[in-house]
Each structure stands twice: as structure tokens, then as C-alpha cells.
Amino acid sequence: MAIVNLGLNIPNRLQTLPPDWPGGFWWHWLIFTVIIIAFVLLLVMGYIYIERRGMGRMQARIGPNRAGPFGLLQPIADAIKILLKEDIIPTKADKIVHWLAPVIAFTPALMIFAVVPFQDGALLADLNIGILYVVAVSSVSTVGIFMAGWGSNNKYSLLGAMRQIAAVVSYEIPVVLAIASVVLIAGSLSLNQIVLAQDIPFILLQPLGFLLFFIAGCAEINRSPFDLMEADSELVAGFHTEYSGMKFAMFYLAEYAEALVISAIITTLFLSGWRGPLLPPWLWFVLKVIAVFFVMVWTRTTLPRVRIDQLMALAWKFLLPLALINLFITGIEILTLPATSPWVMIPVNFAIMAVLILLWSKFFKLGWGRVEV
Amino acid sequence: MKFERYGKGIAKGLTVTIRHLLRHPVTSQYPEQRLNVSRRIRGNELIWDKTRCTGCATCARTCPQGCIEIITSVSTEENKYIVDKFEVDTGYCISCGLCVEACPYEALFMGYAFERAKYRRGELVQTNEMLLASPERQPSGYMHPEIAAQLPKQTLLLEKITEEE
């Protein structure tokens with residue numbers, strides 16, 4: 001239980017428990033583990049509902065509306081259906097790897113919520129290297145995907161897994177660089193400290209960083225328009241071709257849990273996390289998370305899927321240089337203008353973003369300019 | 001310097017989708033809500049007018065599928081053919097409407113109904129009285145403008161959207 005041993009900072013709320021209670025901070029661990037699991041599972045179901053209904057309305061459809069009022073029970077009906085399905089394991093599959101892969105793909109999504117604050121200090125472990133932990137743990141799910149591709153003993157699964165890994169690994173870099181510029185402003189790696197530093201949401205101070213993080217985050221969790229490895233309207237399934245029943249449900253869950261993770265991280269880093277007037281902090285957090293996910297659904301409905309060369313070119317030729325320049329400019333701003341009012345910096349940063357994007361729209365080319373982007 | 005790839009297209013697309021979100025969806029909840037079909041629909045079945053039919057079997061000859069079978073006998077006192085058996089295998093019917101167009105005495109009509117799925121193949125074969133018009137079996141206006149004039153107008157999804165807006 002590495003998380004627990006690192007969780008040295010017990011939040012104020014739980015210090016009201018008698019210190020001599022049996023178990024000590026194991027209570028803290030237990031309560032927050034339950035909260036996190038319930039939060040992830042509930043919000044994943046909410047996400048599936050929002051995605052299907054929202055996408056339906058954007059395509060002038062209604063979306064699922066039969067199971068329960070307004071189709072609210074549709075995710076539950078789907079879950080029951082999928083759990084009752086036969087669990088098929090290919091004869092020549094690497095059984096242990098095949099069995100472990102969905103677990104390894106899903107757990108990182110749960111583990112990341114250990115450091116995401118739902119309220120001031122209300123988190124499982126207030127690590128002082130919180131965001132580094134997030135970056136490290138979120139990469140682990142890639143291993144699960146590769147295990148799924150390898151363990152299926154199917155060349156198409158393996159190809160899908162390899163393509164996914166190529167995309168995820170290249171999009172990790174702009175993600176980390178965008179995070180670094182936020183960390184520069186906040187001056188801390190702890191997510192709770194980053195939220196406390198956001199008197200003005202960092203989306204205003206870091207518009208370009210937000211854009212880069214959003215694009216790269218969407219690509220890292222393979223959401224449309226970057227979902228060409230498991231394009232559900234074109235391919236069979238990519239890495240989870242050979243999965244069915246409970247294990248497939250696990251991958252499905254992992255997909256949405258990762259979307260939840262990315263929207264929670266965006267909320268914490270750029271939208272001032274749980275902070276907000278009137279409503280209780282945890283409600284602000286949930287509302288912001290859902291709003292971020294809505295934007296993901298919105299872009300998914302709007303944008304067509306990109307090709308693999310466009311995907312890689314976007315990561316290396318567009319996001320990476322812009323993220324580096326953004327980090328550089330942020331560093332200069334912090335060194336030279338530390339005392340400037342943020343209300344001056346906001347228009348400056350927006351102007352920098354506009355200029356950089358306009359410039360890169362001229363620089364960004366595929367195939368030495370022979371291929372139309 | 002021309003700038004055109006800075007994300008203008010993406011922004012345009014995003015506004016289109018958000019406008020669709022606020023618009024009334026075109027989906028109709030089929031078993032509960034029904035749209036009026038085209039007045040000239042070529043439905044799943046044929047309607048036969050026994051009194052007008054002379055048993056000339058033009059329909060049977062023109063049918064590309066050969067799914068109309070007609071057997072007649074001669075009535076000497078009335079001096080005309082009597083149709084003993086008029087059988088249509090609607091399972092083979094491709095709803096082309098050629099029999100309706102070919103009938104010289106306007107004794108055949110396409111059906112207006114479209115929900116004619118059956119559980120058994122045998123039930124698709126319709127004979128004599130089963131082919132007559134009835135309240136459930138209205139003739140459609142195909143090839144018969146005078147019938148079309150009496151049928152309700154087709155509901156278009158386009159109109160459905162604009163009227164709800």
C-alpha cells in the first residue's frame with residue numbers, strides 16, 4: 001500500500017476523529033477508498049449517459065430514452081447485459097496476461113484519484129509530488145493495453161495495442177510540458193497546493209497550456225478525434241478484439257474512467273478545482289468535471305477522426321514545440337514580471353496564444369508540404 | 001500571408017454541433033408516434049378489386065417475379081371469365097408496382113399499410129378474399145391520383161423540426 005504510507009497529511013476533517021481510535025489513519029484510508037471507488041463508478045455511469053444523450057442530441061437524435069426515466073438506467077442495463085455475456089478466452093492466449101490486462105488498465109484510473117482534492121485537504125494522500133504521481137501512474141495503463149494486445153494471441157490485437165502505445169507515449173510529452181508550466185505558476189507539485197494557488201483559474205493565465213493539455217489529454221486517453229486505434233465505426237476494436245463479457249466491461253470502464261481522470265486533472269490544474277462561490281466545494285468539483293467532459297463530447301461529435309500520420313505529426317510538430325515555447329515564455333514571465341497584476345497578464349497570455357497558433361498554422365505541414373493537412 | 005488553418009474550421013464545426021444540441025431532434029418514437037407515409041407509397045401488399053377484375057391475367061404476365069397466380073374459368077351464361085383463384089406470394093413481391101400500372105381495368109392497387117411482417121412464410125401467400133380492400137387494407141394512391149387526393153399529406157421531418165422551433 002504505497003499510497004497509504006505516503007499519505008502523511010491527514011485532512012482537518014478527519015482529525016476530529018479521536019486520535020486513539022483503533023486503526024489510526026486506516027480509517028482515513030478506508031473512507032477515502034470507498035469514496036473514490038463510488039465516485040469513479042457513479043461518474044463513469046453518468047459520463048456514459050451524458051455522452052450518449054449529448055452526442056445523440058448533437059446529431060439531431062434523442063439517444064437512449066427507454067430504460068428508466070429519460071433513459072437514465074441505460075448504463076445499468078448495459079452493465080447487466082455485458083456481465084451476463086459469455087467470457088471467451090482464446091485457446092492459445094497467454095491466459096494470465098489476458099486475465100490481468102483489464103485490471104492493470106483500469107486500476108491506474110482509480111489510483112490517480114488518490115491525489116485529486118475534492119475539497120480543501122479532502123483527498124486520500126496529499127503528496128507533495130502529486131502531479132508527478134499522476135503523470136507516472138497514468139502511464140501504467142499503457143502496460144495493461146500492451147498486455148491485452150500481447151495476451152490475446154491475435155496479430156490485430158497486437159497491432160492495435162502497438163499503435164495505441166505509439167500514440168499514448170508521444171502525447172505524454174506535451175501533457176507533461178503543459179503541466180510543467182502550470183507548476184511553474186503555482187510553485188508546487190501538490191494538487192491541493194495548486195488549487196489553493198488559483199485565485200484566478202489558470203485557464204486564464206495559461207490559455208495555451210490548457211489548449212495543449214486538453215488536446216494531448218484527449219489523445220492520450222484515445223477519445224475521438226484521436227481514437228483511430230479502436231475506431232468503433234471502422235475497426236473491430238483494436239487491442240480488445242478478443243475480450244468479451246466482464247473483461248470487456250473492464251476496458252469499457254477504463255476508457256471512461258480515464259476520461260474522468262483527464263477531466264478531473266484539467267479541473268484541478270486549470271479550472272481552480274473545488275473552488276467556487278455559494279455551492280459546496282465538492283459540488284463545484286463535480287460540476288466542473290462534468291463541464292470538461294461535455295467539451296470532450298462536443299469535440300468528439302464535431303471533429304472527424306485523424307489519420308495516423310496526422311496524429312503523430314500533431315504531437316511532434318504542433319503540440320511539442322508549442323508546449324516548449326509556452327513553458328519558456330511562462331518561465332520568463334515568472335522571472336521578469338513576478339509582481340505584475342494577473343489582470344495584465346491575462347490579455348498578454350491570450351495574445352501570445354493567438355500569435356503562436358497563427359504562426360504554427362503556417363509552419364505545420366505534413367509530408368514536406370506535399371500532403372494537405 | 002494567408003491564414004486559414006488556425007482552427008477556423010474547428011470553431012465553425014463546434015458552433016454547428018452546439019446549434020444541433022439546442023434544436024428539436026428529428027427522431028420519432030415509432031410505435032407511439034407515427035408519421036404519415038407518402039400518399040403514393042407502394043406498401044407491402046396488393047389490394048384487389050374483385051368486381052372490376054376480368055381475369056385477363058395481365059398482372060400475372062407483367063410481374064417480374066412471377067408471384068401472381070391467377071386461375072379462371074369461363075361462365076357461359078354471363079359470357080365472361082370467373083376468377084377462381086387469385087394468389088399473390090407477397091414474400092416474393094418486390095413492390096415494383098408493375099402489376100398496378102399494367103392492369104387495364106384498374107382493379108389492382110398497391111397497399112397503403114407497411115407493417116405487414118408475418119411469423120410464417122406461409123402466411124405471406126394471400127389468396128382471393130384476403131386481397132380485398134378493408135379498413136386495415138387501404139389502397140394507396142400509387143397510379144391512382146384520385147385516391148391520393150383523399151389520403152392525408154405525408155409528414156416530412158423537415159416540417160417537424162421547423163414547426164417545433
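The values are calculated or read from the model by the stated rules, or taken from the named source; none is laboratory data. Remember, it's a predicted structure, so these values are computed and weren't measured experimentally. Glycine gets a Cβ as well: all are built from the backbone with ideal geometry, and neighbour counts include every protein chain shown.
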Check: Does at least one position in region A:82-90 carry a residue that is part of a helix (DSSP H, G or I) and more than 14 Å from chain B (Cβ to nearest Cβ)?
Finding: yes
Checklist line | Among the candidates A:P347, A:P280, residue that is within 25 Å of the chain's Cα centre (by Cα) and surrounded by fewer than 14 Cβ atoms within 10 Å (Cβ to Cβ) | finding: A:P280
Next item on the list: Residues being modelled with pLDDT under 85 and more than 25 Å from A:R163 (Cβ to Cβ): count how many of those fall in region A:289-313.
Entry: 0
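For residues that are exposed (fewer than 14 other Cβ atoms within 10 Å of the Cβ) and more than 9 Å from chain A (Cβ to nearest Cβ), scanning just region B:29-50, find the one that is nearest to the chain's Cα centre (by Cα). Write out each step before concluding.
First, the residues of region B:29-50 that are exposed (fewer than 14 other Cβ atoms within 10 Å of the Cβ): B:29-36, B:50.
Of the ones still in play, those that are also more than 9 Å from chain A (Cβ to nearest Cβ) are B:30-36, B:50.
Working: B:Y30: 17, B:P31: 18, B:E32: 20, B:Q33: 19, B:R34: 15, B:L35: 14, B:N36: 12, B:K50: 20 Å.
Once the filter is applied, the top-ranked residue is B:N36.
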Notebook entry, point to check: Taking region A:40-78 as the region of interest, how many residues are part of a loop (DSSP other than H, G, I, E, B), within 14 Å of chain B (Cβ to nearest Cβ) and on the phi > 0 side of the Ramachandran plot?
Noted result: 2
Check: Considering only residues of region B:2-24 that are hydrophobic (A, V, I, L, M, F, W, C) and farther than 21 Å from A:L208 by Cβ, which is surrounded by the most Cβ atoms within 10 Å (Cβ to Cβ)?
Finding: B:L21
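Can you give me the number of residues within region A:112-137 that are over 15 Å from A:L189 (Cβ atoms) and buried (at least 22 other Cβ atoms within 10 Å of the Cβ)?
Number satisfying all stated conditions: 3.
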Checklist line | The listed residue being touching a Cys at 6+ places or on another chain (Cβ under 8 Å) and either assigned to a loop (DSSP other than H, G, I, E, B) or not hydrophobic (A, V, I, L, M, F, W, C) (or both), out of B:Q33, B:Q29, B:Q65 | finding: B:Q65
Next item on the list: Report yes if some residue within region A:235-249 is under 26 Å from A:L319 (Cβ atoms) and either within 18 Å of the chain's Cα centre (by Cα) or surrounded by fewer than 22 Cβ atoms within 10 Å (Cβ to Cβ) (or both); otherwise report no.
Entry: yes
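Please enumerate the residues belonging to region B:67-96 that are among the small types (G, A, S) and touching a helix residue (DSSP H, G or I) at 6+ places or on another chain (Cβ under 8 Å).
Hit for region B:67-96 is B:G91, nothing else.
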